[in-house]
Amino acid sequence: MIATVCPELVDRLIELYCDWRTECAHVQAAYERFADAEPADSTLAFAAYAAALDREESACESYAAQIRLIESWCTGSGRMSRGRQAQRA
């Protein structure tokens with residue numbers, strides 16, 4: 001069986017994936033800054049790294065939620081009106 005998924009849901013999925021990958025790059029950059037930081041700057045560099053990890057986690061959770069929404073749509077448990085799709089996406 002082939003499921004048809006609303007294009008807006010897929011567009012949002014791609015957008016969220018790109019957001020997550022961008023945050024991953026920010027984590028890598030923040031870690032490199034922390035690893036190269038002078039001892040006097042290490043506390044601040046670590047705080048920036050931790051904040052980048054938090055943003056990456058949030059982006060990851062948003063991406064995962066969109067995947068779950070599309071999965072539920074494809075299995076039939078997520079059937080909803082077009083208006084509700086826009087609200088959840």
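The values are calculated or read from the model by the stated rules, or taken from the named source; none is laboratory data. Since this is a predicted model, take the numbers as computed values, not measurements. With ideal geometry, Cβ positions are generated from the backbone for all residues, glycine too; neighbour counts draw on all protein chains shown.
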Mind checking whether some residue in the stretch 34-43 is surrounded by 13 or more Cβ atoms within 10 Å (Cβ to Cβ), of a type in the set (S, T, N, Q) and over 19 Å from the mean Cα position of the chain (by Cα)?
yes
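Does residue 47 satisfy being loosely packed, with under 15 Cβ neighbours inside 10 Å and in a helix (DSSP H, G or I)?
Values: loosely packed, with under 15 Cβ neighbours inside 10 Å: yes; in a helix (DSSP H, G or I): yes.
Yes.
What about residue 8, is it in contact (Cβ under 8 Å) with a residue 40 or more places away in the chain and surrounded by fewer than 16 Cβ atoms within 10 Å (Cβ to Cβ)?
Working: in contact (Cβ under 8 Å) with a residue 40 or more places away in the chain: yes; surrounded by fewer than 16 Cβ atoms within 10 Å (Cβ to Cβ): yes.
So residue 8 passes the test.
Scan the stretch 65-85 and give yes if some residue there is among the small types (Gly, Ala, Ser), at pLDDT 95 or above, in contact with a helix residue (DSSP H, G or I) (Cβ under 9 Å, 6 or more places away or on another chain) and surrounded by fewer than 16 Cβ atoms within 10 Å (Cβ to Cβ), otherwise no. Spell out how you get there, then give the answer.
Within the stretch 65-85, the subset among the small types (Gly, Ala, Ser) is 65, 72, 76-78, 81, 83.
From what is left, the residues that are at pLDDT 95 or above are 65.
Those still in the list that are in contact with a helix residue (DSSP H, G or I) (Cβ under 9 Å, 6 or more places away or on another chain) too: 65.
Filter again for surrounded by fewer than 16 Cβ atoms within 10 Å (Cβ to Cβ), leaving 65.
Checking the stretch 65-85: at least one residue is among the small types (Gly, Ala, Ser), at pLDDT 95 or above, in contact with a helix residue (DSSP H, G or I) (Cβ under 9 Å, 6 or more places away or on another chain) and surrounded by fewer than 16 Cβ atoms within 10 Å (Cβ to Cβ).
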*In this structure, does residue 29 turn out to be out of contact with any Asp or Glu (no Cβ under 7 Å at 6 or more places or on another chain) and modelled with pLDDT of 95 or more?*
yes
